[in-house]
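Have a look at the structure below, then the notes.
The values are calculated or read from the model by the stated rules, or taken from the named source; none is laboratory data. This is a predicted model, so every value here is computed, not measured. Virtual Cβ from ideal backbone geometry, glycine too; neighbours counted across all protein chains shown.
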Amino acid sequence: MDSSDQELLAETLRKVMSTSSGPDLDKKLDELGWQEMLAEHPDVSISLVFRLLGETGSHSSVVNDVLLRAHNGAPGESVSMPFANGRWVQWSRDQICSVDTVDPELPLHEVATGDDIPWGAARVALGWWLIGSSRAMLELARTHALDRQQFGRPIAAFQAVRHRLAEAYVAIEGAEATLAVADGELGAMLAKAAAGKAASTTSRHVQQILGGIGFTAEHAFAGHARRVLMLDALLGSSRELTGAAGTMIRNAGHAPRLVDL
Amino acid sequence: MNTDRFRDEVRHWLDSHDLTPGDDHSFDAQVAQLSRVRRALFDAGWMRYGWPEEVGGLGGAPILRAVLGEEVATRNLAEPGIYSMIEVLAPTMISYAAPELAADMVPRLLNGDEQWCQGFSEPGSGSDLASLTTRAVQAGDTWIINGQKVWTSLAQFAQRCVLLTRTGPGHDGITAFFVDMDTPGITVRPLRTLHGVDEFAEVFFDDVVVPAHRMLGRPGDGWRLAMDLLPHERSTCFWHRIAYLFSTMDKLIGDAEQVDDLRLGEAYLAAHTVRCRSYATQQRLAAGAALGPETSVDKVLLATTEQQIFDTYRDLVPGAVEWDDETLRSEYLYSRAATIYGGTAEIQRNIIARRLLHLGRGDSG
């Protein structure tokens with residue numbers, strides 16, 4: 001897929017994702033050839049689809065497909081995934097169960113247990129999702145800062161406001177760089193940890209810049225803020241993965257260089 | 001030469017040529033060690049890869065210089081900050097000096113014969129560099145320079161200086177010169193730093209006469225010259241510094257007396273993140289892209305990471321900085337400067353806000 005193909009695909013996906021979500025979106029993604037894309041161009045497809053889920057605020061159960069591909073599961077299954085505090089959950093393919101979580105839109109439900117399998121590809125996928133959500137949040141704050149006038153000028157003129165947004169931008173860009181080269185289990189752990197951390201940094205600064213309006217349920221920020229909490233808790237939170245990476249390097253006795261010129 | 005082969009051959013060569021520094025950790029000894037390393041690497045050819053043939057190089061992609069610097073930093077052969085200065089000084093000469101001047105001078109820097117310094121900051125012009133007031137006035141085929149520079153690294157060791165002066169108003173009134181440090185009228189007063197080293201200096205210019213052919217570029221090119229340094233500083237130099245931070249992480253893992261995997265993991269994650277970011281930057285540069293304000297992201301990540309790693313070191317090896325590890329103490333204290341030199345953390349965030357987030361002009365530029 002060259003870059004103009006990718007742009008065209010991104011355009012199509014963005015359109016579909018802004019009008020549908022959940023099982024309806026799953027169906028439309030399949031019609032667009034999601035399974036074939038995933039088989040033929042896994043890296044490009046995963047980064048594109050999951051980033052756009054975040055940017056558009058829609059959701060889909062496609063993380064199951066990423067996991068099934070990674071260990072030859074039967075198509076259409078849901079895979080049990082670790083969630084914070086030793087829980088196991090599944091991402092339903094249909095929207096029947098709605099549990100009262102921080103993000104009730106997501107059809108996650110608890111299961112007794114699951115198999116510990118390589119999570120790398122799915123962690124990278126959720127990392128891209130977190131980055132997409134973060135970029136969407138940052139854009140909300142950016143336009144708000146330019147529109148909102150106080151003391152006779154846009155609040156974007158104030159250095160305290162500018163530096164918070166710059167801080168979020170740096171976190172997002174850094175995390176994206178780790179995702180772009182994420183390879184192997186350690187690389188994927190670090191990339192999801194960086195993305196989760198970028199999302200919490202962004203959420204905190206964006207919320208502050210949005211002020212009162214960002215605390216209303218009707219503002220688009222609310223959905224993103226809830227979503228990134230949920231996505232961070234799935235397949236290892238930023239804190240858990242960072243600690244696990246610390247254990248790995250302590251046991252290894254050195255700090256692995258995962259990318260080289 | 002291909003990058004992987006170059007790395008392998010450099011490693012092989014370094015394995016059989018011992019350039020380990022001696023026991024003297026004074027700054028004078030570090031500067032002497034730097035010259036020794038450069039001389040040896042130049043004579044063996046390694047130092048010449050990635051530089052154009054016109055200035056004594058052997059050609060090849062500039063990325064080879066990043067690879068060589070990483071090997072030097074990983075083996076702790078030279079103090080990484082002063083080793084990397086060549087990466088901004090030599091490209092400036094290649095781009096702005098008259099070709100015969102560059103051909104004459106750059107090899108002396110590459111081969112370890114000389115040290116050079118950069119006269120940019122002034123007592124009244126730090127973050128607002130374009131307000132500098134060191135004046136150059138034309139007198140026939142010479143220029144007369146008067147003024148003062150400060151925070152000039154290596155000034156007391158340097159044979160030459162890339163100097164920014166004012167020749168007219170505004171950004172277009174800044175002009176650069178390549179000045180011999182033994183010219184009458186130049187006084188260097190070293191400044192002792194927080195980490196106990198005479199690393200930088202004040203430099204005074206009193207009626208210093210510089211020949212017109214030592215001008216870099218044309219009158220008014222100085223600001224552009226200063227801005228053109230950034231892509232060099234933020235590609236190869238940063239890669240060297242990141243290599244140094246990874247070898248610091250290795251040492252920390254070995255030295256840690258407290259087990260705190262979260263803290264250790266956080267420091268490693270920060271190091272990994274800036275390495276991935278810098279990797280992407282080097283790839284873009286190698287593909288022919290012009291680097292611009294987006295490298296402020298690299299700068300913020302690097303400065304933050306350096307301080308985080310040394311904070312973690314201090315916490316996991318209690319008392320080492322304060323009491324019994326002199327080298328670590330010096331490195332820890334030096335890391336405090338990372339958010340100040342090369343453009344402060346605040347200036348970087350201003351650039352990100354204005355140029356990357358398009359937030360318009362702020363109250364502070």
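Output the residue which, of all residues in region B:258-279 that are within 20 Å of the chain's Cα centre (by Cα) and of a type in the set (A, V, I, L, M, F, W, C), is surrounded by the fewest Cβ atoms within 10 Å (Cβ to Cβ). Checking each candidate, the answer is B:A271.
If the condition is being of a type outside the set (K, R) and part of a helix (DSSP H, G or I), then region B:35-53 contributes B:S35, B:V37, B:A40, B:L41, B:F42, B:D43, B:W46, B:M47, B:E53.
Criterion first (within 10 Å of chain A (Cβ to nearest Cβ), modelled with pLDDT of 95 or more and within 29 Å of B:A353 (Cα to Cα)) does B:I242 satisfy it? It is true that B:I242 is within 10 Å of chain A (Cβ to nearest Cβ), modelled with pLDDT of 95 or more and within 29 Å of B:A353 (Cα to Cα).
Scanning region B:152-183 for residues that are assigned to a strand (DSSP E or B), among the charged types (D, E, K, R) and more than 19 Å from the chain's Cα centre (by Cα) yields a total of 2.
For region B:94-125, enumerate the residues that are touching a strand residue (DSSP E or B) at 6+ places or on another chain (Cβ under 8 Å) and part of a loop (DSSP other than H, G, I, E, B). Spell out the reasoning first.
Of region B:94-125, the ones touching a strand residue (DSSP E or B) at 6+ places or on another chain (Cβ under 8 Å) are B:96-97, B:101, B:105, B:109, B:114, B:116-123.
Correct list: B:A97, B:E114, B:F120, B:S121, B:P123.
For the condition in contact (Cβ under 8 Å) with a residue 60 or more places away in the chain and touching a strand residue (DSSP E or B) at 6+ places or on another chain (Cβ under 8 Å), what is the one hit in A:L138, A:L126?
On the way: A:L138 fails: touching a strand residue (DSSP E or B) at 6+ places or on another chain (Cβ under 8 Å).
That would be A:L126, the only listed residue that is in contact (Cβ under 8 Å) with a residue 60 or more places away in the chain and touching a strand residue (DSSP E or B) at 6+ places or on another chain (Cβ under 8 Å).
In this structure, is B:A136 assigned to a strand (DSSP E or B), surrounded by 17 or more Cβ atoms within 10 Å (Cβ to Cβ) and either touching a residue at least 40 places away in the same chain (Cβ under 8 Å) or more than 19 Å from the chain's Cα centre (by Cα) (or both)? Write out each step before concluding.
On the way: assigned to a strand (DSSP E or B): yes; surrounded by 17 or more Cβ atoms within 10 Å (Cβ to Cβ): yes; either touching a residue at least 40 places away in the same chain (Cβ under 8 Å) or more than 19 Å from the chain's Cα centre (by Cα) (or both): yes.
When the stated conditions are applied, B:A136 passes them.
It is to be established whether one or more residues within region A:223-243 are under 22 Å from B:S247 (Cα atoms) and assigned to a helix (DSSP H, G or I). For region A:223-243, residues under 22 Å from B:S247 (Cα atoms) and assigned to a helix (DSSP H, G or I): present.
Anything in region B:39-61 that is farther than 15 Å from B:N2 by Cα and touching a Phe, Trp or Tyr at 6+ places or on another chain (Cβ under 8 Å)? List them, or say none. Hits for region B:39-61 are B:A44, B:G57. Annotation note: of B:L14, B:L41, the sole residue that is farther than 20 Å from B:R160 by Cβ and buried (at least 22 other Cβ atoms within 10 Å of the Cβ) is B:L41.
In region B:225-238, is there at least one residue being closer than 24 Å to B:E79 by Cβ, touching a Leu at 6+ places or on another chain (Cβ under 9 Å), of a type in the set (A, V, I, L, M) and facing chain A (nearest Cβ under 9 Å)? The answer is no; no qualifying residue exists.
Output the residues belonging to region A:137-163 that are within 30 Å of A:E240 (Cβ to Cβ), out of contact with any Phe, Trp or Tyr (no Cβ under 9 Å at 6 or more places or on another chain) and either away from chain B (no Cβ under 14 Å) or hydrophobic (A, V, I, L, M, F, W, C) (or both).
Of the residues in region A:137-163, the ones within 30 Å of A:E240 (Cβ to Cβ) are A:137-141, A:163.
Now restrict to residues that are out of contact with any Phe, Trp or Tyr (no Cβ under 9 Å at 6 or more places or on another chain): A:139, A:163.
Of everything in region A:137-163, nothing turns out to be within 30 Å of A:E240 (Cβ to Cβ), out of contact with any Phe, Trp or Tyr (no Cβ under 9 Å at 6 or more places or on another chain) and either away from chain B (no Cβ under 14 Å) or hydrophobic (A, V, I, L, M, F, W, C) (or both).
Look at region B:34-54: where a residue is free of Cβ contacts under 8 Å to residues at least 12 places away in the same chain and a partner is outside any helix (DSSP H, G or I) and not polar (S, T, N, Q), sitting 6+ places away or on another chain with Cβ atoms under 6 Å, you get B:E53/B:G59. Answer yes or no: is there a residue in region B:284-294 that is in contact with a helix residue (DSSP H, G or I) (Cβ under 9 Å, 6 or more places away or on another chain), modelled with pLDDT of 95 or more and facing chain A (nearest Cβ under 10 Å). Yes. Restricting A:G253, A:G223, A:G246, A:G212 to those that are over 22 Å from A:L106 (Cβ atoms) and in contact with a Gly (Cβ under 6 Å, 6 or more places away or on another chain) reduces the list to A:G246.
So which of B:A73, B:A90, B:A66, B:A78 ends up being under 17 Å from the mean Cα position of the chain (by Cα), of a type in the set (G, A, S) and outside any helix (DSSP H, G or I)? Of the residues listed, the single one that is under 17 Å from the mean Cα position of the chain (by Cα), of a type in the set (G, A, S) and outside any helix (DSSP H, G or I) is B:A78. With respect to A:S58, is the statement that it is modelled with pLDDT of 95 or more and outside any helix (DSSP H, G or I) true? Answer is yes for this residue. When we screen B:L58, B:L68 for residues that are buried (at least 20 other Cβ atoms within 10 Å of the Cβ) and not charged (D, E, K, R), the only hit is B:L68.
Can you name the condition, by its number, that B:T236 falls short on among (1) buried (at least 22 other Cβ atoms within 10 Å of the Cβ); (2) of a type outside the set (G, A, S); (3) at pLDDT 95 or above? Of everything listed in (1) buried (at least 22 other Cβ atoms within 10 Å of the Cβ); (2) of a type outside the set (G, A, S); (3) at pLDDT 95 or above, B:T236 misses just condition (3). A:T216 fails exactly one of the following numbered conditions: (1) surrounded by fewer than 21 Cβ atoms within 10 Å (Cβ to Cβ); (2) at the interface with chain B (Cβ under 9 Å from one of its Cβ atoms); (3) of a type in the set (V, I, T); (4) free of Cβ contacts under 8 Å to residues at least 12 places away in the same chain. What is the number of that condition? Result: A:T216 passes all but (2). If you check B:W51, B:W46 for being crowded, with 18+ Cβ neighbours inside 10 Å and over 24 Å from B:L101 (Cβ atoms), only one passes: B:W46.
Identify all residues within region A:186-213 that are surrounded by fewer than 17 Cβ atoms within 10 Å (Cβ to Cβ), touching a residue at least 60 places away in the same chain (Cβ under 8 Å) and under 19 Å from A:W129 (Cβ atoms); write none if there are none. The answer is none; no residue qualifies.
Can you give me the number of residues within region A:29-47 that are crowded, with 18+ Cβ neighbours inside 10 Å and within 16 Å of A:G76 (Cβ to Cβ)? Step through it out loud before you land on a result.
Filtering region A:29-47 for residues crowded, with 18+ Cβ neighbours inside 10 Å gives A:29, A:34, A:37-38, A:45-47.
Next, only the ones that are within 16 Å of A:G76 (Cβ to Cβ) stay: A:29, A:34, A:38.
Adding up the residues that qualify gives 3.
Taking the listed residues B:S84, B:S131, B:S95, B:S121, the one that is surrounded by fewer than 17 Cβ atoms within 10 Å (Cβ to Cβ) and under 30 Å from B:R36 (Cα atoms) is B:S95, with no other qualifying.
Of all residue pairs spaced 6 or more apart or on separate chains, those with beta-carbon atoms under 8 Å, a first member in region B:340-351 that is away from every other protein chain (no Cβ under 13 Å) and a second member that is acidic (D, E) are B:G342/B:E233. Candidates A:L235, A:L229, A:L241: the one that is closer than 30 Å to A:V111 by Cβ, of a type outside the set (G, A, S), in contact with a Lys or Arg (Cβ under 7 Å, 6 or more places away or on another chain) and more than 12 Å from chain B (Cβ to nearest Cβ) is A:L235. Any residue at all in region A:142-151 that is among the hydroxyl-bearing types (S, T, Y) and at pLDDT below 95? Looking for residues that are among the hydroxyl-bearing types (S, T, Y) and at pLDDT below 95, one finds none in region A:142-151, hence no.
Counting only residues that are without any contact (Cβ under 8 Å) to a residue 24 or more places away in the chain, within 13 Å of B:H358 (Cβ to Cβ) and surrounded by 22 or more Cβ atoms within 10 Å (Cβ to Cβ), region A:141-172 holds 3 of them.
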